[in-house]
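**Student:** First the structure, which I've put down as structure tokens, then a few questions once you've had a look.
The values are calculated or read from the model by the stated rules, or taken from the named source; none is laboratory data. Owing to the predicted nature of the structure, the values given are computational and were not obtained by experimental measurement. Cβ sites come from the backbone with ideal geometry, for glycine too, and all protein chains shown count toward neighbours. Accessible surface is based on the protein model in full, side chains and every heavy atom, while ligands, DNA and RNA are left aside. Shrake-Rupley method; radii C 1.70, N 1.55, O 1.52, S 1.80 Å.
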Amino acid sequence: MNSRTAPRFSAPNRLRRLSSLLAASALAGALIASGLPAQAAVPLVAAPMRQIYMAPPELTGEPAVGGLLKADLSWTTPMVVPEGGSPSLSFYWTRDGQVIPGATGQTYRATAADYGRVVTAFVTVTYDVESTLTLQARESLRIAAKPRARGFNGDNTMDIFARDAAGRLLLYPTDGRGHWQPTQVIGTGWNAFNLLLSPGDFDGDGTVDVMGRDAQGRLYLYQGNGSGGWKKAIQVGQGWNGFTAIFGAGDFNGDGTNDLIARDASTNLVLYPGDGHGGWLPSYTIGWGWGRYDSLMSVGHFEGRSDLQVAARGQYGNLMIFSSSRNGSFERYTGSTVGYGWEALTTIGSAGDFNGDDKVDVFGIDRSGQLTMYYGNGADYLAQGLPGSYWVGQSAVGWGWGSFTAVF
């Protein structure tokens, strides 16, 4: 062979070489498909996605600055088809459609940043990586200005105002857990008013205020400073001496600002919507024939839902509540009876949550001057559905309250 000539394969040799290569390829393919070699790549096969079924959560609680909201799932249970495994739940909350940083729990306490804005919740149910479901709550709620229940001294706990015979205005603060804090004198000369009330934050500055009506029918707003004192007093109305009852209604029409309800001489109820700046929007009648009730008051979100309730004591001592879905009217003309024997009390009122369970309570003063707190059951009455389940008990929390000329 010429040393400069490249080696060549004969035809039979080329065929044998090709057969060997094909055989090696087939063997490698078989080994990869069987998964035998440790280094072989196994194709991923996605688990089939299962169908999840669950109703959306319901928002319960107090849709106001400082109020606690909950994405309630107590009335629904997730299920998956095909069955298997236990679900995990995660939550997030949005404000005007934007995710609220850090709000990842089943509950959310509304802040000043939420005032006047729309808040809702989302829940994600997860069974496995391929089987998840995200649901938005059935409600989206506009957060109202700070209510009466958030207190006067800035600690967001319930307070009670009382006026003594000398005309001093006293503040009885609580610690939010069923105990009183030291009493404070926060004003003098308040015997000039024949009616006193607290509308919550009426001027939109984030602090709870007080209103008083004088003998000439002038209505004054005393602006709270958020730390148990005052900014200034301004007149916000006149001609209010024709009303036989006036009380703060919370955000009754759902626009985010606090309102008043008044009963006129014809026993009609009139809504005076606040404009959020210490003034008024046009008033209108929301009820007729309310003369049969000798005591009227707001009890806030007494039923533990986004609806507002007004309480009224009837001529036979029965206490009734009337609900509004915050649309500027009552849901129905007939109220629900929540108790009897309330004729024994000379004063009935509600200032928020006394014992710290985030449920609205009602207080009453009897003829001996004893102050009794009646503890509301909030939304839990819906699950129990039993007579008397609006309440979870009562206790005497003060004595000598009969000497006050106003308690609110």
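**Student:** Output the number of the condition that residue 95 fails; it satisfies all remaining conditions of (1) in contact (Cβ under 8 Å) with a residue 40 or more places away in the chain; (2) closer than 21 Å to residue 204 by Cβ; (3) buried (at least 17 other Cβ atoms within 10 Å of the Cβ).
**Tutor:** (1)
**Student:** Criterion first (in a strand (DSSP E or B), over 19 Å from residue 194 (Cβ atoms) and hydroxyl-bearing (Ser, Thr, Tyr)) does residue 285 satisfy it?
**Tutor:** For residue 285, the condition - in a strand (DSSP E or B), over 19 Å from residue 194 (Cβ atoms) and hydroxyl-bearing (Ser, Thr, Tyr) - is met.
**Student:** Further, regarding this structure: Which members of the stretch 271-285 meet the condition of being over 15 Å from residue 236 (Cβ atoms) and surrounded by 20 or more Cβ atoms within 10 Å (Cβ to Cβ)?
**Tutor:** Of everything in the stretch 271-285, just one residue is over 15 Å from residue 236 (Cβ atoms) and surrounded by 20 or more Cβ atoms within 10 Å (Cβ to Cβ), namely 271.
**Student:** I need the full set of residues from the stretch 248-270 which are under 24 Å from residue 66 (Cα atoms), surrounded by fewer than 22 Cβ atoms within 10 Å (Cβ to Cβ) and among the charged types (D, E, K, R), in order please.
**Tutor:** 255
**Student:** Which of the residues that make up the stretch 99-115 are under 23 Å from residue 224 (Cβ atoms) and either open to solvent by 30 Å² or more (accessible area, probe 1.4 Å) or among the hydrophobic types (A, V, I, L, M, F, W, C) (or both)?
**Tutor:** 109, 110, 111, 112, 113, 115
Rundown of residues vs (1) touching a Leu at 6+ places or on another chain (Cβ under 6 Å); (2) among the aliphatic types (A, V, I, L, M); (3) surrounded by 15 or more Cβ atoms within 10 Å (Cβ to Cβ); (4) touching a residue at least 40 places away in the same chain (Cβ under 8 Å), yes/no style:
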{"residue": "208", "(1), (2), (3), (4)": "no, yes, yes, yes"}
{"residue": "213", "(1), (2), (3), (4)": "yes, no, yes, no"}
{"residue": "216", "(1), (2), (3), (4)": "no, no, no, no"}
{"residue": "219", "(1), (2), (3), (4)": "no, yes, yes, no"}
{"residue": "226", "(1), (2), (3), (4)": "no, no, yes, yes"}
{"residue": "236", "(1), (2), (3), (4)": "yes, yes, yes, yes"}
{"residue": "239", "(1), (2), (3), (4)": "no, no, no, no"}
{"residue": "245", "(1), (2), (3), (4)": "yes, yes, yes, yes"}
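**Student:** Only one residue in 185, 210, 123, 118 is modelled with pLDDT of 95 or more and under 19 Å from residue 301 (Cα atoms), so which one is that?
**Tutor:** Being modelled with pLDDT of 95 or more and under 19 Å from residue 301 (Cα atoms) holds for just one of 185, 210, 123, 118, which is 118.
**Student:** When you scan the stretch 304-363, how many residues do you find that are in a helix (DSSP H, G or I), surrounded by fewer than 20 Cβ atoms within 10 Å (Cβ to Cβ) and touching a Gly at 6+ places or on another chain (Cβ under 6 Å)?
**Tutor:** Number of matching residues: 1.
**Student:** Among the residues of the stretch 297-353, which ones are polar (S, T, N, Q) and either in contact (Cβ under 8 Å) with a residue 40 or more places away in the chain or closer than 28 Å to residue 156 by Cα (or both)?
**Tutor:** 298, 306, 309, 323, 324, 325, 327, 329, 346, 347, 350
**Student:** With respect to residue 389, determine if the residue is assigned to a loop (DSSP other than H, G, I, E, B), of a type outside the set (Asp, Glu), without any contact (Cβ under 8 Å) to a residue 60 or more places away in the chain and touching a helix residue (DSSP H, G or I) at 6+ places or on another chain (Cβ under 6 Å).
**Tutor:** yes
**Student:** How many of the residues making up the stretch 238-282 are among the aromatic types (Phe, Trp, Tyr), in contact with an Asp or Glu (Cβ under 7 Å, 6 or more places away or on another chain) and part of a strand (DSSP E or B)?
**Tutor:** 1
**Student:** Then there is this: Examine the stretch 197-213 for a residue that is part of a loop (DSSP other than H, G, I, E, B), at negative phi and among the small types (Gly, Ala, Ser), and state whether such a residue exists.
**Tutor:** The answer is no, given that none of the residues of the stretch 197-213 is part of a loop (DSSP other than H, G, I, E, B), at negative phi and among the small types (Gly, Ala, Ser).
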